[in-house]
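Peer 1: Structure in structure tokens, see below.
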Amino acid sequence: MPFELMTEATADKPWGGRFTEPTDQFVEAFTASVSFDQRLAEHDIDGSVAHAQMLHHIGVLSEQDVNLIVQGLDDIRAEIQRGDFNWSVALEDVHMNIEARLVDRIGEAGKRLHTGRSRNDQVATDIRLFLREQLDVIVDKLVVLQTALVNLAEREADTIMPGFTHLQVAQPITFGHHMLAWFEMLERDKQRLVDCRKRINQMPLGSAALAGTSYPIDRPMTAQLLGFDGPTQNSLDGVSDRDFIIEFNAAASLIMAHLSRFSEELVLWSSTQFNFIELPDAFCTGSSIMPQKKNPDVPELVRGKTGRVYGHLMSMLTLMKSQPLAYNKDNQEDKEPLFDTVDTVLNSLHAFATMMPNLKTNRQAMYKAAQQGFSTATDLADYLVVKGVAFRDAHEVVGHAVRIAIDTDRELAELTIEELQQLSPGIEQDVFKILTVEGSVASRNHLGGTAPEQVRQAVYNARQRVQNQNR
Ligand code: ARG
């Protein structure tokens, strides 16, 4: 219906024709999404350009109309980029704002753009375009962080530190090995995103409001123009489901879970009690009352931000549950959680990617800590096994040795050969070599082990893996 024919009441609304009373002021503000969905503007324009070109291809739009539309949308894009676009709450959302502006600029032809589509397939397409783009940026950022970790692992391949279980000193490990554990977590995070992208990259346009359209549209053509792998296969599903956002949000939650774990370790390690590392000054702040303080704010904040991403996952799951087919206005609530998830994950990854290359390690403190807590007790047990003692018996012998060491306030390597031989006669002088932390880490020399030689090999492999990826 031409806009001039609308009733006074809702003359400013593209859907105003059947209304006789104006929209309640509060309802207008309550139902509007333009304050946040204007972030989709450029994707909305991309979708409209492709749609118009397809309509021309099938003979529904004249050459003249399509040229006017494409030019008009380009000009609007420029207006938006310059910050000159006048967003109107009365026009509800990004889609109607842009369309109304197009009609302003080019007249009649602008009114023909919405042929054979609906805001329902339009918005479903826009968020997929947005998410596809942002997902690629996140994947790139993950790779930057992974690369920083690999470099750190190479630099610290020989650095000995205590490894923990239950946060109790367990066995000596290398710092490089520890960094590569983080690398592996991020690798799986990346693979999850790459896999999720396949389901994001399907085009709902053509589903129209819910049932498709009576025009002879060429959906594969529009899909190709927009870089989608293909059109979605069912119009009801295409406009309504947001499972791809939930999936992305779940993957994002795991990224945050991992970053939160890294954060926790950085916070612990930079404390005076551990003193394993020093975070760059640029990533810390001081205290307004305690002059000596240097607080690890950035890891703490990343750890804290994990909560909001989990929250968005829960919002999205709850948003989707119980919705009958097809589109419901509920789905307008998908955007803020999605945008905030993307921003939070990107900022957190960026913080880590710039912080890690400047991390200082305190090798001496880590070395000393690794020597404490009887970290080579397992090595002693393994030594006894080689000498013919059954592992369970060996375990008990070493338990006694640890007891003596505790009672006399010594480390295992400080027990005398006589004391050790009393516990197990097979022990010889060579035992002291395996009781050192260097001997302990060097002996774990197999794929996935902590030996410096393995760390160097793993660094090499990691670089190959990162380079050979294509999404
Ligand atoms: N602003 C809406 C959203 O974000 C666009 C689709 C509106 N469709 C409708 N039939 N009201 O979901």
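The values are calculated or read from the model by the stated rules, or taken from the named source; none is laboratory data. Please read all numbers here as calculations on a predicted model, not as lab measurements. Note that each Cβ is placed from the backbone with ideal geometry, even for glycine, and that neighbours are counted across all protein chains shown. Accessible surface areas use protein heavy atoms only, side chains included; no ligands, DNA or RNA. Shrake-Rupley method; radii C 1.70, N 1.55, O 1.52, S 1.80 Å.
Peer 1: Scan the range 7-33 and report the pairs whose first residue is under 18 Å from D93 (Cα atoms) and whose second residue is charged (D, E, K, R) and modelled with pLDDT of 85 or more, with Cβ atoms within less than 6 Å and a gap of 6+ or a chain change.
Peer 2: A32/E92; S33/D93
Peer 1: Name the pairs whose Cβ atoms lie under 7 Å apart, with the first residue in the range 104-124 and away from the ligand (no atom under 16 Å from the Cβ), the second modelled with pLDDT of 95 or more and outside any helix (DSSP H, G or I), and 6 or more positions between them or separate chains?
Peer 2: Final answer for the pair search is R112/L61; T115/V60; T115/Y215.
Peer 1: Could you list, in sequence order, the residues of the range 209-256 that are open to solvent by less than 10 Å² (accessible area, probe 1.4 Å) and within 16 Å of the ligand (Cβ to nearest atom)?
Peer 2: G238, V239, S240, R242, F244, I245
Peer 1: For the range 403-413, which residues satisfy the criterion of being part of a helix (DSSP H, G or I) and either over 48 Å from the mean Cα position of the chain (by Cα) or farther than 12 Å from L435 by Cβ (or both)? Step through it out loud before you land on a result.
Peer 2: Going through the range 403-413, the residues part of a helix (DSSP H, G or I) turn out to be 403-407, 412-413.
Across the range 403-413, the qualifying residues are R403, I404, I406, D407.
Peer 1: Residues in the range 302-316 that are surrounded by fewer than 22 Cβ atoms within 10 Å (Cβ to Cβ) and within 16 Å of the ligand (Cβ to nearest atom): how many?
Peer 2: Summing the residues that are surrounded by fewer than 22 Cβ atoms within 10 Å (Cβ to Cβ) and within 16 Å of the ligand (Cβ to nearest atom) in the range 302-316 gives 1.
Peer 1: Please specify each residue of the range 327-377 satisfying the condition of being aromatic (F, W, Y), assigned to a helix (DSSP H, G or I) and open to solvent by 10 Å² or more (accessible area, probe 1.4 Å).
Peer 2: F339, Y367
Peer 1: Now a separate question. Yes or no: S48 assigned to a helix (DSSP H, G or I), open to solvent by less than 40 Å² (accessible area, probe 1.4 Å), modelled with pLDDT of 95 or more and polar (S, T, N, Q)?
Peer 2: Details: assigned to a helix (DSSP H, G or I): yes; open to solvent by less than 40 Å² (accessible area, probe 1.4 Å): yes; modelled with pLDDT of 95 or more: yes; polar (S, T, N, Q): yes.
The answer is yes for S48.
Peer 1: Would you be able to tell me the number of residues in the range 323-356 that are of a type in the set (A, V, I, L, M), touching a Leu at 6+ places or on another chain (Cβ under 6 Å) and within 16 Å of the ligand (Cβ to nearest atom)?
Peer 2: The number of residues fulfilling the criteria is 2.
Peer 1: Cβ-Cβ distance below 6 Å, separation of 6 or more or different chains: which pairs start in the range 56-84 with a residue that is within 16 Å of I45 (Cα to Cα) and end on one that is part of a helix (DSSP H, G or I) and open to solvent by 60 Å² or more (accessible area, probe 1.4 Å)?
Peer 2: Pairs found: V66/H56; G72/R105; I76/R101.
Peer 1: Which residues, counting only those in the range 61-89, are open to solvent by 50 Å² or more (accessible area, probe 1.4 Å) and not in a helix (DSSP H, G or I)?
Peer 2: S62, G83, D84, N86, W87
Peer 1: Sticking with this one: Cβ contacts < 6 Å: first residue of a type in the set (D, E, K, R), restricted to the range 321-338; second residue more than 6 Å from the ligand (Cβ to nearest atom) and open to solvent by 30 Å² or more (accessible area, probe 1.4 Å), any location; separation 6+ or different chain. Result?
Peer 2: Between residues of the range 321-338 that are of a type in the set (D, E, K, R) and residues that are more than 6 Å from the ligand (Cβ to nearest atom) and open to solvent by 30 Å² or more (accessible area, probe 1.4 Å), the close pairs are D330/Q323; K335/F36; E336/F36.
Peer 1: Hey, among L279, L319, which residue is surrounded by 15 or more Cβ atoms within 10 Å (Cβ to Cβ) and away from the ligand (no atom under 16 Å from the Cβ)?
Peer 2: Selected residue: L279, the only one of L279, L319 that is surrounded by 15 or more Cβ atoms within 10 Å (Cβ to Cβ) and away from the ligand (no atom under 16 Å from the Cβ).
Peer 1: May I ask you to say which residue of L102, L167 is out of contact with any strand residue (DSSP E or B) (no Cβ under 8 Å at 6 or more places or on another chain), surrounded by 20 or more Cβ atoms within 10 Å (Cβ to Cβ) and more than 26 Å from C196 (Cα to Cα)?
Peer 2: Step by step, each of L102, L167 is checked, and only L102 is out of contact with any strand residue (DSSP E or B) (no Cβ under 8 Å at 6 or more places or on another chain), surrounded by 20 or more Cβ atoms within 10 Å (Cβ to Cβ) and more than 26 Å from C196 (Cα to Cα).
Peer 1: Which numbered condition in (1) within 16 Å of the ligand (Cβ to nearest atom); (2) among the polar types (S, T, N, Q); (3) at pLDDT below 95; (4) open to solvent by 20 Å² or more (accessible area, probe 1.4 Å) is the only one that Q25 fails?
Peer 2: (1)
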